[in-house]
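The values are calculated or read from the model by the stated rules, or taken from the named source; none is laboratory data. What you are looking at is a predicted structure, and each value in this text was computed from that prediction instead of being measured. Ideal geometry is used to build each Cβ from the backbone, glycine not excepted, and the neighbour counts take in all protein chains shown.
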Amino acid sequence: MRHNDELDINAYVDGELTPEERLEFLEAMRDNPELSREACELTNLKSQLQLAYANPPGLSAGATARKRSPWGAIAAGTVLLTTGLLGGWVLGTAPNHSERFVMLDAEGRGQAPATAESPETRIVVHLTNPNQAVAGELLDDVEHMLRAYQRDGQPLRVEIVSHGDGLDLLRTRLSEHQERIGKLSQAFGNLTFVACKNTIDRVEVSQGIEVNIIPEAQITGSGVNHVAKRQKEGWSYIRV
Amino acid sequence: MEYPTGKGVYPAMSEQKPSILSKFSRNRRLRQEVCDQRDRLFRLAWSWCHDQHLAEDLVQETLARGLQKLDTLREESRLGVWLTRIMANLYRDQFRKTREETGLEIDPVEDEETPERETDRSQLVQRTRDAIAALNDDQRQIVTLVDLSGFSYADAAQILDVPVGTVMSRLSRARIKLREHLERSQHVTQHKVVPLRKQ
């Protein structure tokens, strides 16, 4: 068989021929059973190869899940936060559609109007969710946002207020993101972490332990009051 | 604290900073799409090296680089080609070089003994993997890009940074070699499973 014929058969089975070429090839196959058999064998070979690599070792659920965890978490976070944080944000007209992210203005009516008056975007994140995977996703989002604003020369301030079950993010013994918080705090002077003193006291009394907060975090008397104050000052509010 | 459901006026932030928000949203979406490619990339990486740990490293590094460089992706519809190109470059520059330097060659795959191994299906899988292992790196990459990942010749050319003509000739040679190998192993297998000679 000539070299060009080989290339044509390959192009045919790979769907690379133009409609005219394809028609011509089909006609050639009709007159040439050998060509037809070759094309059939190559098509089988393609299927055989797909079968051979459909389930390579390591793609099994356990091993894959173990190795995938960081990426899987990112993927999960993407859905969550895109529909939540951004959904509530961009689609500010319907903040209640998101169960986990709520945006209110100073009077508790929704998107804070102050962002329109002030050139600086100010966001207070009220973290009460104990799930640190969610907190990690939040940090992903906040970091992206800080970088985007920094790159575009837009002023931005973000405060993450940990309160209630959300305090774990800032506890030295329990935080899964301590190192990252340290790096973020160092990289972005406009990002602040705030721990709720009332929550700390409550945990210490109820559990009889000493609660240590990571050094990058500031401590405020009441997380709720702090958040309320920020809202009155016109900060955008996001609850996680 | 109560969160009222009031019907206030919500000046959408998207109107104030459309570019930033749209970038943010785009990155979020693309990051998920990058992660969604993992299994496909792993199959491809494994078919190139037949080594689970190497394939895992290659895919992890590809995803990490992809996520880092998302801003440089111009056509979102080309994400698959773009990521695979990153992986092919990594394989060429690091993994393949290391393997060649250490003199390690790709081995025929040794699967664990399982009941399924006795079936025709698993024999076929094994024989096909062995035939792929017998190809050289260039041939193996091209045939898996086209047959396994379903890339067009033009995409495969872009991924491997070679002309389309080279893709076509390499692919043709690779398939000839594959078929020859499979034909030989078919005879061996038949010989093995039909030991009906009288002593």
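Yes/no per residue for (1) within 12 Å of chain B (Cβ to nearest Cβ); (2) in a helix (DSSP H, G or I); (3) of a type in the set (Gly, Ala, Ser):
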residue: A:Asn10; (1), (2), (3): yes, yes, no
residue: A:Gly15; (1), (2), (3): yes, no, yes
residue: A:Phe25; (1), (2), (3): no, yes, no
residue: A:Arg30; (1), (2), (3): no, yes, no
residue: A:Glu34; (1), (2), (3): no, yes, no
residue: A:Ala39; (1), (2), (3): yes, yes, yes
residue: A:Thr43; (1), (2), (3): yes, yes, no
residue: A:Lys46; (1), (2), (3): yes, yes, no
residue: A:Leu49; (1), (2), (3): yes, yes, no
Discussion item. For a quick check of your reading of the model, give me the residue pairs whose first member lies in the range A:193-216 and is within 16 Å of A:Arg173 (Cβ to Cβ) and part of a loop (DSSP other than H, G, I, E, B), whose second is at pLDDT below 90 and among the small types (Gly, Ala, Ser), with beta-carbon atoms closer than 9 Å and at least 6 apart or on different chains.
Written reply: none
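For every residue, the table says whether it meets (1) out of contact with any helix residue (DSSP H, G or I) (no Cβ under 6 Å at 6 or more places or on another chain); (2) within 13 Å of chain B (Cβ to nearest Cβ); (3) modelled with pLDDT of 90 or more; (4) loosely packed, with under 14 Cβ neighbours inside 10 Å.
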{"site": "A:Pro130", "(1), (2), (3), (4)": "no, no, no, no"}
{"site": "A:Ile160", "(1), (2), (3), (4)": "yes, no, yes, no"}
{"site": "A:Leu169", "(1), (2), (3), (4)": "no, no, yes, no"}
{"site": "A:Ser185", "(1), (2), (3), (4)": "yes, no, yes, no"}
{"site": "A:Asn190", "(1), (2), (3), (4)": "yes, no, yes, no"}
{"site": "A:Arg202", "(1), (2), (3), (4)": "yes, no, no, no"}
{"site": "A:Ser222", "(1), (2), (3), (4)": "no, yes, no, no"}
{"site": "A:Arg230", "(1), (2), (3), (4)": "yes, yes, no, no"}
Worksheet, complete the sentence: All conditions in (1) more than 29 Å from B:Gln68 (Cα to Cα); (2) loosely packed, with under 15 Cβ neighbours inside 10 Å; (3) not polar (S, T, N, Q) are true of A:Arg151 except (1)
Discussion item. What's the total number of residues in the range B:170-179 that are under 16 Å from B:Ser152 (Cβ atoms) and at the interface with chain A (Cβ under 7 Å from one of its Cβ atoms)?
Written reply: 2
Worksheet item: Would you pick out the residues in the range A:137-185 that are small (Gly, Ala, Ser) and either in contact (Cβ under 8 Å) with a residue 60 or more places away in the chain or out of contact with any Lys or Arg (no Cβ under 8 Å at 6 or more places or on another chain) (or both)?
Response: A:Gly153, A:Ser162, A:Gly164, A:Gly166, A:Ser175, A:Gly182, A:Ser185
Worksheet item: Does the range B:129-139 hold any residues that are within 11 Å of chain A (Cβ to nearest Cβ) and not hydrophobic (A, V, I, L, M, F, W, C), and which are they?
Response: B:Arg129, B:Asp130
Practice prompt. Of all residues in the range B:39-83, count the ones that are buried (at least 18 other Cβ atoms within 10 Å of the Cβ), closer than 26 Å to B:Ala131 by Cβ and in contact with a Leu (Cβ under 7 Å, 6 or more places away or on another chain).
Written response: 9
Response to the item:
Exactly one of A:Val161, A:Val203 is farther than 19 Å from B:Arg28 by Cβ and touching a His at 6+ places or on another chain (Cβ under 8 Å), and that one is A:Val161
Worksheet item: Across the range B:45-55, what is the total count of residues that are within 18 Å of B:Ser149 (Cβ to Cβ) and within 8 Å of chain A (Cβ to nearest Cβ)?
Response: 3
Worksheet item: Can you find a residue in the range A:167-181 that is closer than 19 Å to A:Val224 by Cα, assigned by TED's automatic domain parsing to the domain that holds A:Val142, touching an Asp or Glu at 6+ places or on another chain (Cβ under 6 Å) and not small (Gly, Ala, Ser)?
Response: no
Practice prompt. Go through the range A:127-159 and give me each residue that's within 13 Å of A:Val240 (Cα to Cα), outside any loop (DSSP other than H, G, I, E, B) and in contact with a strand residue (DSSP E or B) (Cβ under 8 Å, 6 or more places away or on another chain).
Written response: A:Leu127, A:Ala135, A:Leu138, A:Val142, A:Glu159
Practice prompt. Tell me which residues, restricted to the range B:132-190, are at pLDDT 95 or above and in contact with a Pro (Cβ under 7 Å, 6 or more places away or on another chain).
Written response: B:Ala157
